[in-house]
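Undergrad: Handing you this structure, nothing more for now.
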Amino acid sequence: MTVLLTIIVVALVGITFWQMSKILKLSQLKNVDTSQVANDKDNDTQGKLMLGFVIFIYVLTIYCFSAYNSFFLPESASKHGVEYDQLMLISLVIIMITQIITQGLLHYFTFKYRGKSTNKALFFADNDKLEFVWTIIPVIVLSALIIYGLFTWSDIMNIDEEDGDPLIIELYAYQFDWRARYGGEDNVLGKANVRFIEGVNTLGVDVSDSYGKDDKIVNELHLPVNRKVIFKMRSQDVLHSAYMPFFRAQMNVVPGMITEFSYTPTKTTEEMRNSEFMVEKVATINDIRREKSKALIAAGDEGLETYEFDYYLLCNKICGASHYNMQMKIVVEPEEDYNAWLKEQQTFGEQMSAQASN
């Protein structure tokens, strides 16, 4: 019975609105234009709206660039990152210039040549000169941009283990954390396979490989400044992605294979902390934290800690429920500090001996 009454009420409401629309139509003035064809007034309104819209777009663009420039990353902390940023800047400038010119002309011509009953449209089948211009110019610009991008990409992805004295480090990903493995005194990583994972051997290093005995496995990544680093990347379970934004570095970490990426850090952690950009950004973050802490403390909770900048290795693939926890601190420091830190770390051979004795 309830369903039937509901259907009847809905039907009556529908009939009521239908009758009201008929009454409204009958009450309209005789000289009201009900035609579906646009008249001069409609065209004039639409033309002015198009002109106003492009002005709105430009004002909004200028505002976004000025108001949100603090969200951009600072100057790259790696050698290849300078080339990467330059390619990005050139691409962005070309896109913005093209957008400003084309959108400006499109909306202006829509306003200038808006429809009028007294005007007659000019039509011509083709124009070889115009077609040549709008075809050749984009081809030249895009070809130059693509070739420049290919050369830049080739330089960035060129991993030469014979170039100088690069540091070899393995980045090992698993749900939901990272481990780093250093090659020890010989700077050579021992063989590894997930089938060898057992006990303290969490990375599956081959215990029969002599190169692996002096390997050092850590949960905090330390890098010497101004020295090339070659990362060998493995995944234990699913697809991860090693993402280090301040170094303009990202590479997928794929189960069952080793992927590689290399870069040369050019700014220590302390240098980045003391840069003008980061000092201002950290101060802003801590101001926000202090304001939020007031509400937390008033509610009886603990206030937020003071933020201090650090480089981090992040996972840039949604790899599971705790994906957001997958991060590892990166410390870039002078060579002597790096050597002192590495000397303090326990070798894989020492870890296995300790496990055997226990």
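Values in this text are rule-based calculations from the coordinates and carry no lab data. This structure is a prediction, so every number in the text was calculated from the model and none was measured. Backbone-built Cβ (ideal geometry, glycine too); neighbour counts: all protein chains shown.
Undergrad: Treat the stretch 31-87 as a sphere of radius equal to its Kirkwood radius over Cα pairs and apply Stokes-Einstein at 25 °C in a medium of 0.890 mPa s; give the translational diffusion coefficient in µm²/s, rounded to a whole number.
TA: Values: Rh = 15.9 Å.
Result for D is 155 µm²/s.
Undergrad: What stretch of the chain, leaving out the sites themselves, is the longest with no chymotrypsin sites (Phe, Trp or Tyr not before Pro) in a DSSP loop having at most 14 other Cβ atoms within 10 Å? Intermediate results must be reported in sequence, preceding the final value.
TA: On the way: sites that count: Y68, F72, Y113, F123, F124, Y307.
Here the longest segment lacking exposed loop sites spans 125-306.
Undergrad: Could you pull out every residue, at least 5 positions away or on a different chain, whose amide H is within less than 5 Å of the one on L167? Hs are placed 1.01 Å off N in the peptide plane, and Pro or chain starts have none.
TA: Amide H to amide H, under 5 Å and 5 or more residues apart or across chains, L167 pairs with K228, V229, I230.
Undergrad: Need the full-extension length gain, T284 to V59, defined as separation in residues times 0.36 nm minus the C-alpha distance. One decimal, nm.
TA: Working: separation 225, 0.36 × 225 = 81.00 nm, distance 2.60 nm.
Here the answer is 78.4 nm.
Undergrad: Could I ask something else about it? Taking the Cα centre of the chain as the origin, how large is its charge dipole in debye, to the nearest 20, when only Lys and Arg (+1) and Asp and Glu (-1) carry charge on their Cβ atoms? Spell out each step's value before the answer.
TA: On the way: 32 positive and 45 negative charges, 568 e Å.
Using Cβ point charges on Lys, Arg, Asp and Glu, the chain gives about 2720 debye.
Undergrad: Kindly work out what percent of the DSSP beta bridges joining two residues of the chain are antiparallel, to the nearest 5.
TA: Of the beta bridges lying entirely in the chain, close to 70 percent run antiparallel.
Undergrad: Show me the GluC sites (Glu not before Pro) within the stretch 252-358 that DSSP assigns to loop and that have at most 13 other Cβ atoms within 10 Å of their Cβ. All intermediate terms of the calculation are to be shown ahead of the outcome.
TA: Numbers: sites: E260, E270, E271, E276, E280, E291, E302, E305, E308, E335, E336, E344, E350; in loops: E302, E305, E308.
Of the GluC sites (Glu not before Pro), the ones in loops of the stretch 252-358 whose Cβ has at most 13 other Cβ atoms within 10 Å are E302, E305, E308.
Undergrad: What ³J(HN,Hα) values, in whole Hz, does the Karplus curve 6.51 cos²θ - 1.76 cosθ + 1.60 give for the stretch 114-128 when θ = phi - 60°, with x put for Gly and Pro?
TA: Coupling constants for the stretch 114-128: 5, x, 9, 5, 8, 8, 10, 5, 8, 10, 9, 5, 7, 8, 4 Hz.
Undergrad: Then there is this: What is the set of long-range amide H partners of L313 at a cut-off below 5 Å, with H atoms built 1.01 Å from backbone N?
TA: M328, K329, I330
Undergrad: Quote to one decimal, in nm, the extra length available between V188 and Y324 on full extension: 0.36 nm per residue of separation minus the C-alpha distance between them.
TA: Details: separation 136, 0.36 × 136 = 48.96 nm, distance 3.17 nm.
Working it through step by step, the gained length comes to 45.8 nm.
Undergrad: I need the Debye-formula profile for the stretch 47-154: one equal scatterer per C-alpha, no solvent, reported as log10 I(q)/I(0) at q = 0.11, 0.15, 0.17 1/Å, two decimals.
TA: After summing over all Cα pairs, the log10 values are -0.60, -0.92, -1.05.
Undergrad: In Å³ and rounded to a whole number, note down the convex hull volume per residue for the Cα atoms of the chain. Walk me through the numbers on the way to the answer.
TA: On the way: hull volume 122.7 nm³, N = 358.
Convex hull of Cα atoms, per residue: 343 Å³.
Undergrad: While we're on this one: What is the chain's relative contact order, in percent, from Cα pairs under 8 angstrom and six or more apart in sequence? Walk me through the intermediate numbers first.
TA: Working: 460 pairs, mean separation 61.2, N = 358.
After rounding, I find 17 percent.
Undergrad: Right, next: Assigning unit charges at the beta carbon (Lys, Arg +1; Asp, Glu -1) and nothing else, what dipole magnitude in debye, to the nearest 20, does the stretch 50-190 show about its Cα centre? Don't skip to the end; give the middle numbers.
TA: Values: 8 positive and 16 negative charges, 366 e Å.
With only Lys, Arg, Asp and Glu charged at Cβ, the dipole is about 1760 debye.
Undergrad: Then there is this: Can you pull the one-decimal nm distance between simple spin-label points at S357 and R273, each 7 Å off the Cα toward Cβ?
TA: About 3.5 nm, to one decimal.
Undergrad: Now, a different point. I'd like the orientation of helix 79-112 relative to the chain: the angle between its Cα long axis and the longest Cα principal axis, in ° from 0 to 90, rounded to 10.
TA: 0 degrees
Undergrad: If you don't mind, another one. In units of 2.2 N^0.38 Å, what is the alpha-carbon radius of gyration of the stretch 109-225?
TA: 2.24
Undergrad: Too long at a 27 Å Cα-Cα cut-off: which of K232/K281; K216/K281; K191/K343; K22/K120; K25/K112?
TA: K232/K281; K216/K281; K22/K120; K25/K112
Undergrad: I would also like to ask the following. Treating the stretch 201-298 as a set of equal point scatterers at the Cα positions, no solvent, please give the Debye-formula log₁₀ I(q)/I(0) at q = 0.13, 0.20, 0.24 Å⁻¹.
TA: -0.73, -1.12, -1.30
Undergrad: Quick one: which residues, 5+ away or cross-chain, put their amide H under 5 Å from the amide H of V238? H built at 1.01 Å from N.
TA: Long-range HN contacts for V238: Q175.
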